[in-house]
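Peer 1: I have a structure I would like to understand better, so I am pasting it below and will then ask my questions one at a time.
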Amino acid sequence: MWALVALPLGAGALLLMAGRRADRAAPGVALAVAVAALGLAVAAAFRHPSARAPFLDGLPVRFAVDGLSGLLAVTITAVTLAVLLFSAAEFGAGEARARFFGLMLLFAGSMLVTVTATTLPVLLMGWEVMGATSWALIGYWWRDPERTSAADTAFLTTRTADLGLYLAAGAALASGHDSALSLDGLARAEEPWLSFVAAGLVVAAFGKSAQLPFSFWLSKAMQGPSPVSALLHSATMVVAGAYLLLRTGPLLDASGWGDDVVAWTGAATALFLGLVAVAQTDLKQLLAASTCAQIGFMVLAAGAHAASGGTLQLIAHAAAKSLLFLGAGAWLTALGTQRLPALLGAARRHPAAGVAFTVAALSLAGLPPLSLWAAKDVLLAGALESSPWLYATGLAGAVLSAVYSAKVLWYLWRPAVPRPDARPIPGGAVAPLVLLAQACVALTPLAFAPLRDSVERVLGLPAGIEPSPHPWEFALSGALALLAAAVAWAWGSRQLPLPQRAKTGFRDWLGLERVAHVLLVGPTMRLARAATAFDDRVLDRAVDGSASAAVRLARWTDGVVERAFDGTVGAVAAGTRALGRWSRRPQTGQLHQYLAQAVAAFTVLAVVLVLLR
Amino acid sequence: MLTALVFAPTAVAVLLFALPRRTSPTVFRVVWVVMSAVELALVIGLWAGYDSAGGMQYEERARWIPSAGVGYHVGVDGLSLPLLALTGLLFLACAVYSLRENRRIREFAALFLFLETTCLGLFAALDLILFFVFFDLSIVAMYFVIAGWGHRQAARAALKFFLYTFIGSLALLLGFIGLYLAAEPHTFDMVELTEQNPLAGRSVYGALVLLAVVVGLAVKTPTVPFHTWLPPAHVEAPAAGSAILAGVLLKMGTYGFVRIAMPMLPEVWRRYALVLVVIGVVSVLHGALVALAQTDFKRMVAYTSVNHMGYIVLAVGAAAATADGSEQARSLAVTGAVTQMVSHGLLTGALFLLAGVLYERGRTYDMGAYSGLATVAPAFAAMTGIAAFASLGLPGFSGFIAEFQIFTGSLGPRPLATSLSVLGILLTAGLFLRALRQVFTGPLRLPDAPGTPRVFPEIRAHESAAVVPLLVLAVVLGVAPRFMLDVIEPASRSVLELLAR
């Protein structure tokens, strides 16, 4: 168990520390580690190991692999392996490969920590480290200011949402029901802490999974290298939120409102980000928006008590989406563009990659009989049980998937325009694409009756508790997807007759980033400047003012009080001197005057004596 | 043993002056580094022999001014041991960092050795007057460090630092005298005062004493609104001075809260804890916001100290809520506060040393003057990046361990305050990311003020030898904190027991 999480993290950290010296060895080491991790994950998925160690006061570190985390661990390590295979072929000797492969291993390792953690603090640790490594990966080409700024946006947006997890941990501890903060124990908290915990988790999950209203960071994350997008969008990072919601289903249930909020947010994301995807003209941006939409289905599943459907969707989507991003990356290197109009005929030019990409795109489109079609029906069956409107929204989202997938394929399979500067895709980069395409196809039977039951068993769900789709649902969604894809294909690259505002709105990801800037970033910076002004002009000036007031007081004391005192002393001295002068007067040195003085004095004395008697 | 540990540096400092004037500067540097290393080794020895369940250990007493109830009394427990270790490590790091220092190296070394005595002495002191003496002497030594080796406006900043913290220490002394007079028999001994709880049931008197003590400590910590001496002092101080000032001297304030104010004034502390919570939250948010608006790298780091110290004040304030018997949460909060002292010492120490590296090469702290430094100094960029991420509370580093405990422990007793202060880690993330992006990424640009060299050499061996151990320890504490928490937790529980009286 320890090896599963420690191996990628440790190897990644070592590669990073070795720096450029390890560039030559990095791909080999990383691939070896990825293979070993995949082996460990498969073993763990069958043997369900667990481990614990003391950590904080009463909050131990606990890792365990159960059905859900076993499936995810295998998915994560498998996709990581495929992506690293591709990267080994793509990243030339000139790049800082040790940094890239080290970060990728850290990234995958922290996702493994996240999915195998059974307590909230450990989950939070993996969760946050994943965010930080995603920052480093998105900003991998750091000389380009646009990319680093995109990395900052991504990290800050996800961290904003992560605050929810910090608060949830505190609230769970405050409720006092489970002092170890284990994930299964969260649902036992009492109100109002229960709602607090649920809200924190939900916000954190939405942020990580780029659900509305946090979706815009995923658009920014496209600035990273394509293999990063492939890993980040498929089996790590964005699915962490969906995983967390699937894992804490009982908590959402117990809160009374959590499941509805989650289900509807997922459905809304699937719908609106699907529209955003349709509006894109850049291949990676289209894929990014489609990720949000597809994760929306998983989130919808978590809210609609369709854990098995959500998990199926997660796994099938991971295979398809990593392949799509790797394909986009391959074309970006070969043709130097990711704009759809410039990619006309790309699939014809590189047929092996083109076919593999097409398999994944058809799967993404939800066309029968591929895996995502059936997985969506399984989870939408859950939605249908809770509300027909939810089902309808989900179905609309599914139709949009077909539209944008068909749109991509239309561009790629047009007759090729001549491109003299085009380069071939290296064979080493095609191999993982083919592997992933096979995985896309091979996953299909999982969503159908005999195997689906075993998935439910692996997830530990009692048989029959989750709704299974009626045949008409399969037929309906399949027919709709086929129809939508056909229409989209026939429509081609013509403009949609929509108002310009709507089109730019969707192309701009609903303007979410601008809203965040206007509502949050701007006011925060203004507040910061105001606080600085307060600090400098009021607090500091008060301190300096009191210091100079003290100096003024000292001067005044010197000038007024001190002079008064000194004057008094001087006056006393002068008086004494005057007295002395007077007393010198009688001493004239002349005997007759002394005699007269003595007579006068005796006379006075005599008078006094007489009077006193 | 403890006395030797405390006074050995000063003895060596005096010896430095006994050496003939013509001695080569190398000798002074070597003596300084060796002595700091010996001190660190001694502290590690103390740690090795420390029994974490044994309460106060290594106690030593001597008669000092018996007529006034003042004695020489030192000892170590779970609150002071981590801080002693931090002090030893940071002073060694500063000694190593200053291996290339040329300006009056003998005096510099002697001052730092003397400063080390005052810091170690303060954390070991078990007598209020002894505590006060070390408290004031540390201000004096730091004044000379800033004024003698600082940048252009050092004299003014040093004077401000000295006067402000000195006035704070006078308030502290008033509070101590108040405690002394209330005790029966009159004494300044901390252990006896803690046992006696002399102000039990005397609300007005107790409140006044608490006010004096808290103001004194709050100036040193510093918390809003007593923090304005900090930024100029840091900006003008030499790098090693800043590292000690932020890494060790600030901890004197927060250490005073857990060592003096909470155990000796439990009743009034509980009554006015809300005030501290508010001060903590305001410090967290105000410090982070002002740091966000800075363009000067060192000033920004200085303001993040205000933010980080705010978490400690929040935690010690929240730990006073005794309702609903949330024993574990309150223990987490106090343990988190002590962990934060250590963690902040390591990370801010490293950040200030790195700021010194930046200044030495570019002669300015202005972030706008730099860009793309990762091109020419990748190792320096990597270290600063790691220190920044550690400081913004990334898991895997000590900052997370501290802040997570503080938040988790404080949320139950003070939900609103904690929810607000969690925003602090978001703001620090924003400001550090912005600084990293500005200084290290993008196209290369170096400051071109007249007289500055246009090259930016990579971080040198002695500089990284000073910074790397701090970062390594931050990682060790972030991944396997048990060895330190085992020491702190019994002590924080006993503080809570004393507080509950």
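The values are calculated or read from the model by the stated rules, or taken from the named source; none is laboratory data. Here the structure is a predicted model, which means the values were calculated and not measured. Neighbour counts are summed over all protein chains in view; Cβ atoms, including those assigned to glycine, are modelled from backbone coordinates with ideal geometry.
Peer 1: Before we move on, is A:ARG52 basic (Lys, Arg) and without any contact (Cβ under 8 Å) to a residue 12 or more places away in the chain?
Peer 2: Values: basic (Lys, Arg): yes; without any contact (Cβ under 8 Å) to a residue 12 or more places away in the chain: yes.
Yes: the conditions hold for A:ARG52.
Peer 1: Here's something else I'd like to know. Would you mind telling me which numbered condition in (1) in contact with an Asp or Glu (Cβ under 9 Å, 6 or more places away or on another chain); (2) among the hydroxyl-bearing types (Ser, Thr, Tyr); (3) within 20 Å of A:VAL455 (Cβ to Cβ) A:SER371 fails?
Peer 2: The failed condition is (1).
Peer 1: Check B:ALA293 against each of (1) within 14 Å of another protein chain (Cβ to nearest Cβ); (2) farther than 25 Å from B:GLY206 by Cα; (3) touching a residue at least 24 places away in the same chain (Cβ under 8 Å) and name the one condition it does not meet.
Peer 2: Going through (1) within 14 Å of another protein chain (Cβ to nearest Cβ); (2) farther than 25 Å from B:GLY206 by Cα; (3) touching a residue at least 24 places away in the same chain (Cβ under 8 Å) one by one, B:ALA293 breaks only (3).
Peer 1: Output the residues belonging to the range A:581-603 that are among the small types (Gly, Ala, Ser) and surrounded by 10 or more Cβ atoms within 10 Å (Cβ to Cβ).
Peer 2: Initial filter on the range A:581-603 (among the small types (Gly, Ala, Ser)): A:583, A:589, A:596, A:598, A:600-601.
Within the range A:581-603, A:ALA596, A:ALA598, A:ALA600, A:ALA601 qualify.
Peer 1: (1) among the charged types (D, E, K, R); (2) more than 19 Å from the chain's Cα centre (by Cα); (3) within 25 Å of A:LEU105 (Cβ to Cβ): which one isn't true of A:ASP260, the others all being true?
Peer 2: Of the numbered conditions (1) among the charged types (D, E, K, R); (2) more than 19 Å from the chain's Cα centre (by Cα); (3) within 25 Å of A:LEU105 (Cβ to Cβ), the odd one out for A:ASP260 is (3).
Peer 1: I've got another one for you. Can you give me the number of residues within the range A:414-462 that are farther than 20 Å from A:PRO369 by Cβ and acidic (Asp, Glu)?
Peer 2: 2
Peer 1: Looking at the structure I just gave you, is A:GLY336 of a type in the set (Gly, Ala, Ser), at pLDDT 90 or above and closer than 21 Å to A:LYS220 by Cα?
Peer 2: Numbers: of a type in the set (Gly, Ala, Ser): yes; at pLDDT 90 or above: no; closer than 21 Å to A:LYS220 by Cα: yes.
The answer is no for A:GLY336.
Peer 1: A further question on this structure: Inspect the range A:314-322 for any residue being of a type in the set (Val, Ile, Thr) and surrounded by 22 or more Cβ atoms within 10 Å (Cβ to Cβ) and give the result as yes or no.
Peer 2: If we filter the range A:314-322 for residues that are of a type in the set (Val, Ile, Thr), which is where we start, we get A:315.
Going one step further and asking which of them are surrounded by 22 or more Cβ atoms within 10 Å (Cβ to Cβ), we end up with A:315.
The answer is yes; a qualifying residue exists.
Peer 1: Residues that are over 24 Å from B:ILE459 (Cα atoms) and at pLDDT below 95: does the range B:91-105 have at least one?
Peer 2: Taking the range B:91-105 as the starting set, the residues that turn out to be over 24 Å from B:ILE459 (Cα atoms) are none.
For the range B:91-105, residues over 24 Å from B:ILE459 (Cα atoms) and at pLDDT below 95: absent.
Peer 1: Is there a residue in the range B:206-217 that is under 24 Å from B:LEU346 (Cβ atoms), within 14 Å of chain A (Cβ to nearest Cβ) and in a helix (DSSP H, G or I)?
Peer 2: Of all residues in the range B:206-217, those under 24 Å from B:LEU346 (Cβ atoms) come to B:217.
If we keep only those that are within 14 Å of chain A (Cβ to nearest Cβ) as well, we get none.
Within the range B:206-217, none of the residues are under 24 Å from B:LEU346 (Cβ atoms), within 14 Å of chain A (Cβ to nearest Cβ) and in a helix (DSSP H, G or I).
Peer 1: Also, quick follow-up: Is one or more of the residues making up the range B:362-373 within 12 Å of chain A (Cβ to nearest Cβ), touching a Gly at 6+ places or on another chain (Cβ under 6 Å), assigned to a loop (DSSP other than H, G, I, E, B) and surrounded by fewer than 24 Cβ atoms within 10 Å (Cβ to Cβ)? Working first, answer last.
Peer 2: Initial filter on the range B:362-373 (within 12 Å of chain A (Cβ to nearest Cβ)): B:371-373.
From the residues that got through so far, the ones that are touching a Gly at 6+ places or on another chain (Cβ under 6 Å) too are B:371-372.
Those left that are additionally assigned to a loop (DSSP other than H, G, I, E, B): B:372.
The next check asks that each one be surrounded by fewer than 24 Cβ atoms within 10 Å (Cβ to Cβ); those that pass are B:372.
Yes - at least one qualifying residue is present in the range B:362-373.
Peer 1: Can A:THR557 be described as in a helix (DSSP H, G or I) and either among the acidic types (Asp, Glu) or within 14 Å of another protein chain (Cβ to nearest Cβ) (or both)? Full working, then the answer.
Peer 2: Working: in a helix (DSSP H, G or I): yes; either among the acidic types (Asp, Glu) or within 14 Å of another protein chain (Cβ to nearest Cβ) (or both): no.
Answer is no for this residue.
Peer 1: Mind counting the residues in the range A:222-246 that are part of a helix (DSSP H, G or I) and more than 26 Å from B:LEU416 (Cα to Cα)?
Peer 2: Within the range A:222-246, the subset part of a helix (DSSP H, G or I) is A:222-223, A:226-234, A:238-246.
Pick out the ones that are also more than 26 Å from B:LEU416 (Cα to Cα) and you get A:222-223, A:226-234, A:238-240, A:242-243, A:246.
Qualifying residue count, the range A:222-246: 17.
Peer 1: Can you find a residue that is away from chain B (no Cβ under 13 Å), in a helix (DSSP H, G or I), of a type in the set (Val, Ile, Thr) and in contact (Cβ under 8 Å) with a residue 12 or more places away in the chain anywhere in the range A:203-221?
Peer 2: No, there is no match, as no residue in the range A:203-221 is away from chain B (no Cβ under 13 Å), in a helix (DSSP H, G or I), of a type in the set (Val, Ile, Thr) and in contact (Cβ under 8 Å) with a residue 12 or more places away in the chain.
Peer 1: Using the structure shown, decide if A:LEU186 is surrounded by 24 or more Cβ atoms within 10 Å (Cβ to Cβ), assigned to a helix (DSSP H, G or I) and not polar (S, T, N, Q). I'd like the intermediate steps shown before the answer.
Peer 2: Working: surrounded by 24 or more Cβ atoms within 10 Å (Cβ to Cβ): yes; assigned to a helix (DSSP H, G or I): yes; not polar (S, T, N, Q): yes.
It is true that A:LEU186 is surrounded by 24 or more Cβ atoms within 10 Å (Cβ to Cβ), assigned to a helix (DSSP H, G or I) and not polar (S, T, N, Q).
Peer 1: Another question, then. Of the residues A:ALA431, A:ALA439, A:ALA383, which single one is surrounded by 19 or more Cβ atoms within 10 Å (Cβ to Cβ), under 17 Å from A:LYS321 (Cα atoms) and not hydroxyl-bearing (Ser, Thr, Tyr)? I'd like the intermediate steps shown before the answer.
Peer 2: On the way: A:ALA431 fails: surrounded by 19 or more Cβ atoms within 10 Å (Cβ to Cβ); A:ALA383 fails: under 17 Å from A:LYS321 (Cα atoms).
It is A:ALA439.
Peer 1: Quick one: which helices (runs of 4 or more DSSP H) sit completely within the range A:332-438 and have at least 2 residues that are farther than 29 Å from A:HIS305 by Cβ? Talk me through it step by step, then tell me what you get.
Peer 2: Values: elements: A:346-349, A:351-364, A:371-386, A:388-413.
It comes to A:346-349, A:351-364, A:388-413.
Peer 1: Can you tell which of B:GLY247, B:GLY178 is in contact with a Leu (Cβ under 8 Å, 6 or more places away or on another chain), over 30 Å from B:ALA95 (Cβ atoms) and in a helix (DSSP H, G or I)?
Peer 2: Details: B:GLY247 fails: over 30 Å from B:ALA95 (Cβ atoms).
Just one listed residue meets the conditions, B:GLY178.
Peer 1: Where in the range B:263-331 are there helices (runs of 4 or more DSSP H), lying fully within it, with 3 or more residues that are under 21 Å from the mean Cα position of the chain (by Cα)?
Peer 2: Details: elements: B:266-271, B:273-292, B:297-318.
Counting at least 3 such residues, we get B:273-292, B:297-318.
Peer 1: To continue, here is another question. Are there any pairs with C-beta distances below 8 angstrom linking a residue in the range B:468-480 that is surrounded by fewer than 20 Cβ atoms within 10 Å (Cβ to Cβ) to a residue that is outside any helix (DSSP H, G or I), with the two at least 6 apart or on different chains, and if so which?
Peer 2: Hits for this filter: B:VAL475/B:GLY396; B:VAL475/B:PHE397; B:VAL479/B:GLY396.
Peer 1: Next up: Which one is modelled with the lowest pLDDT, of the residues in the range B:221-244 that are outside any helix (DSSP H, G or I) and of a type in the set (Val, Ile, Thr)?
Peer 2: Filtering the range B:221-244 down to residues outside any helix (DSSP H, G or I) leaves B:221-229, B:237-238.
Going one step further and asking which of them are of a type in the set (Val, Ile, Thr), we end up with B:221, B:223-224, B:228.
Values: B:THR221: 89, B:THR223: 91, B:VAL224: 86, B:THR228: 89.
So, considering only residues that are outside any helix (DSSP H, G or I) and of a type in the set (Val, Ile, Thr), the one modelled with the lowest pLDDT is B:VAL224.
Peer 1: Whether any residue in the range A:26-46 is not in a helix (DSSP H, G or I) and not hydroxyl-bearing (Ser, Thr, Tyr) is what I want to check.
Peer 2: First, the residues of the range A:26-46 that are not in a helix (DSSP H, G or I): none.
Within the range A:26-46, not a single residue is not in a helix (DSSP H, G or I) and not hydroxyl-bearing (Ser, Thr, Tyr).
Peer 1: Also, I was wondering about something else. Which residues, counting only those in the range A:114-154, are at the interface with chain B (Cβ under 9 Å from one of its Cβ atoms) and either out of contact with any helix residue (DSSP H, G or I) (no Cβ under 9 Å at 6 or more places or on another chain) or over 18 Å from B:GLU403 (Cα atoms) (or both)?
Peer 2: Within the range A:114-154, A:TRP135, A:ALA136, A:GLY139, A:TRP142, A:ARG143, A:ASP144, A:PRO145, A:ARG147, A:THR148, A:SER149, A:ALA151, A:ASP152 meet the criteria.
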